[in-house]
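To start, the structure itself, in structure tokens.
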Amino acid sequence: MNESGIQSLLDQETLERRVRRGEAPEWVGAHWESFQDGLLGERNDAPFPCYFGVESVAAGEPLYTAVPSMREADALIGLRDVILEYLERYEDHADRASLVTFFKPPAQPLTEREYHDALWHVLQTLHCHDPEPWPEDIPTDPDDPYWEFCLGGEPMFPTCRAPFYDQRKSRYCPIGLEITFQPRALFEALGVTADTDAGERARDIIQDRIEDYDGICPHPDIGDWGVDGDREWHQYMLSSDDERAPSTCPMTVTRTHPKPGARLP
């Protein structure tokens, strides 16, 4: 951890120091400033909705990496390696150590549809090069309420910020694509999954704060894993315009291992 180069796994202190000293590319520094401002700043006199994330960043708990391309295979396989390293380290690092991933912004602005395509290309590529089988207890059909993205045998919840969120500022990043990976085991350790009283209270608080922060109602696709009618994949990158978002999950999942036949979008 904290090796040189932008594609290594970094703790927050190391990332901040490299940005401050000019040892990171400008786009990495811009991502870090945007992320820090979004999580620790206010909108409409309201704090960022996810108070777990706010407390975690304030305490310096997340881990970080930067990826030089949303498309190139070498860059995405490098991301896979960082995620696998993260899965080995996060529990010893901090209780709320999510993995925040900054992607190099494209040369030209992308549409909302292109950002959706980029996200699912990233996740499909990670799946195709996963060294571990898909977990037996997680369905392979994204239309199952118990489906969620997995890598290295670990179910996780990736959420995105992107430039196309003009109104939904809690999901807005002016620089480019940003994905935060959070293992389900992290939520379970904190006792805030949907099947607990603490989880229900957390969801109510976060939804109230979303409405204050964004100035609009929480997105209708926000739900809970395993709840009938809710679908996890919709929540990874919430739509701003339904016509520009995929109507079915673009990811093809197989338990076959290794996965040379899995389709790339």
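Can you name every residue in the range 126-159 that is over 20 Å from Y90 (Cα atoms), touching a Phe, Trp or Tyr at 6+ places or on another chain (Cβ under 7 Å) and either without any contact (Cβ under 8 Å) to a residue 24 or more places away in the chain or not in a loop (DSSP other than H, G, I, E, B) (or both)?
Scanning the range 126-159 gives I138, P139.
Could you look through the range 165-218, keep only residues that are at pLDDT 70 or above and polar (S, T, N, Q), and pick out the one that is surrounded by the fewest Cβ atoms within 10 Å (Cβ to Cβ)?
Once the filter is applied, the top-ranked residue is Q167.
Residue check, T111 against (1) surrounded by fewer than 20 Cβ atoms within 10 Å (Cβ to Cβ); (2) farther than 23 Å from Q167 by Cα; (3) in contact with a helix residue (DSSP H, G or I) (Cβ under 9 Å, 6 or more places away or on another chain), all met but one. Which one?
Every listed condition holds for T111 apart from (2).
Collect the residues in the range 23-44 that are crowded, with 18+ Cβ neighbours inside 10 Å and within 14 Å of R171 (Cα to Cα), keeping them in residue-number order.
Matches in the range 23-44: H31, S34, F35, G38, L39.
Can you tell me which of G22, G60 is over 25 Å from H116 (Cβ atoms) and without any contact (Cβ under 8 Å) to a residue 12 or more places away in the chain?
G22
Check the range 76-92 and report whether any residue there is of a type outside the set (A, V, I, L, M, F, W, C), part of a loop (DSSP other than H, G, I, E, B), touching a residue at least 12 places away in the same chain (Cβ under 8 Å) and closer than 21 Å to Q182 by Cα.
Within the range 76-92, not a single residue is of a type outside the set (A, V, I, L, M, F, W, C), part of a loop (DSSP other than H, G, I, E, B), touching a residue at least 12 places away in the same chain (Cβ under 8 Å) and closer than 21 Å to Q182 by Cα.
In this structure, does P47 turn out to be surrounded by fewer than 17 Cβ atoms within 10 Å (Cβ to Cβ), in contact (Cβ under 8 Å) with a residue 12 or more places away in the chain, of a type outside the set (S, T, Y) and out of contact with any helix residue (DSSP H, G or I) (no Cβ under 7 Å at 6 or more places or on another chain)?
no
The values are calculated or read from the model by the stated rules, or taken from the named source; none is laboratory data. All of these numbers come straight from a predicted model, not from anything done at the bench. With ideal geometry, Cβ positions are generated from the backbone for all residues, glycine too; neighbour counts draw on all protein chains shown.
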